[in-house]
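A quick write-up on the structure given underneath.
The values are calculated or read from the model by the stated rules, or taken from the named source; none is laboratory data. Note that the coordinates shown come from a computational prediction; the quantities given were computed from them, not determined experimentally. Using ideal geometry, Cβ is built from the backbone for each residue, glycine included, and neighbour counts are taken over all protein chains shown.
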Amino acid sequence: MSGKALKYFADRYREIDYGVVIFDTEGTFPEEGFDTVIKVKDGHGTGLDPLVLAEKGLLDGYTAATIVQTIYGLDRGLTERLYVDFLAGKVKSVPETAKSEEKYAEVIRESYTPLDEALYSGEPPEFGKNILVGLGETYSITLAGIAFLVVSAVVRHRRKTMIGVNDAAVLAYTTPGGAAVPLITRPMRARVAILATQYAIDSIMNLAGPSLILYHDPDVQSVIYETNGVPPGPMRKHVHKGEGTFIYRTPETINVEWASYPSDILF
């Protein structure tokens, strides 16, 4: 359901000439209309090496170093050392970094796997206006989270762009994925982030912004109403199949609107 809803919103934003970036954990989002398709598969290359992307000017060097820090648990001092070595040209990729004799390499190797090395291999994507990141063919939630973080860092400053995530709760479960969420949800004029999820988790539900509840389990609806500050009573009307609820806030009020939603996003 959330995938079909996300496609509906993506199509509407394309109509007003927005770029669309989609992270799809189900692997069912159609590829038509995307000029860049990144498929994440266990043991296959994606070119999503943050240091290589920084070398090509798609990321700044410090952001690339902090991505490595987030993924492999470097402390601040080791991250600064990695950044200095990157600027000096001593390391130019994550695999090269992991094989070095430096202290940060020892920490990286504690959790570094052949799957990581395969993920970073290959030529970097072009990162066109419309990007689809297909995550439905990887069994490793860690790899999915890394891809989510790296691509989010690349597109985080884009305007006139809709960024859609399905399923956001699955990706936010990992440390890299959790770090990606604030990158794409930070308020920016002429950009929108839509986090579609079937699971009500705090890291998603507590984000500022409007919420649209489609038909779901009553307990999940209750959690969403609660985390959005909707008071008990008639404002917490149960949402049935074919309906949606839009929750939005002003500085003084919490507002809830109910309506049916278009038939082209129904099962």
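Below are the figures for this structure:
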read-out: Failed condition for His238, given (1) in contact with a helix residue (DSSP H, G or I) (Cβ under 7 Å, 6 or more places away or on another chain); (2) under 30 Å from Pro30 (Cβ atoms); value: (2)
read-out: Among residues of the stretch 104-129, those that are free of Cβ contacts under 8 Å to residues at least 12 places away in the same chain and of a type outside the set (Asp, Glu), counted; value: 3
read-out: Tally of residues being touching a Gly at 6+ places or on another chain (Cβ under 8 Å) and over 16 Å from Asp24 (Cα atoms) across the stretch 146-175; value: 4
read-out: Among the residues listed as Asp11, Asp116, Asp85, the single one being part of a helix (DSSP H, G or I), within 18 Å of Gly145 (Cα to Cα) and of a type outside the set (Lys, Arg); value: Asp116
read-out: Yes/no for Tyr83 being over 20 Å from Val181 (Cβ atoms), in the same structural domain as Ala153 (by TED's automatic domain parsing) and of a type in the set (Ser, Thr, Tyr); value: no
read-out: Sole exception among (1) under 13 Å from Thr185 (Cα atoms); (2) within 11 Å of the chain's Cα centre (by Cα) for His157, by number; value: (2)
read-out: Residue count, the stretch 202-216 (criterion: at pLDDT 75 or above and part of a helix (DSSP H, G or I)); value: 1
read-out: Counted residues, the stretch 14-30 - those being touching a strand residue (DSSP E or B) at 6+ places or on another chain (Cβ under 8 Å), closer than 15 Å to Met162 by Cα, not aromatic (Phe, Trp, Tyr) and not in a helix (DSSP H, G or I); value: 5
read-out: Qualifying residue in the stretch 33-51 (condition: touching a Phe, Trp or Tyr at 6+ places or on another chain (Cβ under 7 Å), assigned to a strand (DSSP E or B) and more than 13 Å from Leu149 (Cα to Cα)); value: yes
read-out: Residue that is nearest to the chain's Cα centre (by Cα), among those in the stretch 88-101 that are touching a residue at least 24 places away in the same chain (Cβ under 8 Å) and outside any helix (DSSP H, G or I); value: Ser93
read-out: Subset tally (residues that are more than 21 Å from Asp116 (Cβ to Cβ), more than 19 Å from the chain's Cα centre (by Cα) and either at pLDDT 95 or above or of a type in the set (A, V, I, L, M, F, W, C) (or both)) for the stretch 22-59; value: 1
read-out: Test result for Thr174, under 21 Å from Ile163 (Cβ atoms), of a type in the set (S, T, N, Q), in contact (Cβ under 8 Å) with a residue 40 or more places away in the chain and surrounded by 19 or more Cβ atoms within 10 Å (Cβ to Cβ); value: no
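For every residue, the table says whether it meets (1) assigned by TED's automatic domain parsing to the domain that holds Tyr8; (2) out of contact with any Leu (no Cβ under 9 Å at 6 or more places or on another chain).
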{"site": "Ile194", "(1), (2)": "yes, no"}
{"site": "Asp217", "(1), (2)": "no, yes"}
{"site": "Ile224", "(1), (2)": "no, yes"}
{"site": "His240", "(1), (2)": "no, yes"}
{"site": "Ile247", "(1), (2)": "no, no"}
{"site": "Glu252", "(1), (2)": "no, yes"}
{"site": "Glu257", "(1), (2)": "no, yes"}
{"site": "Ser260", "(1), (2)": "no, yes"}
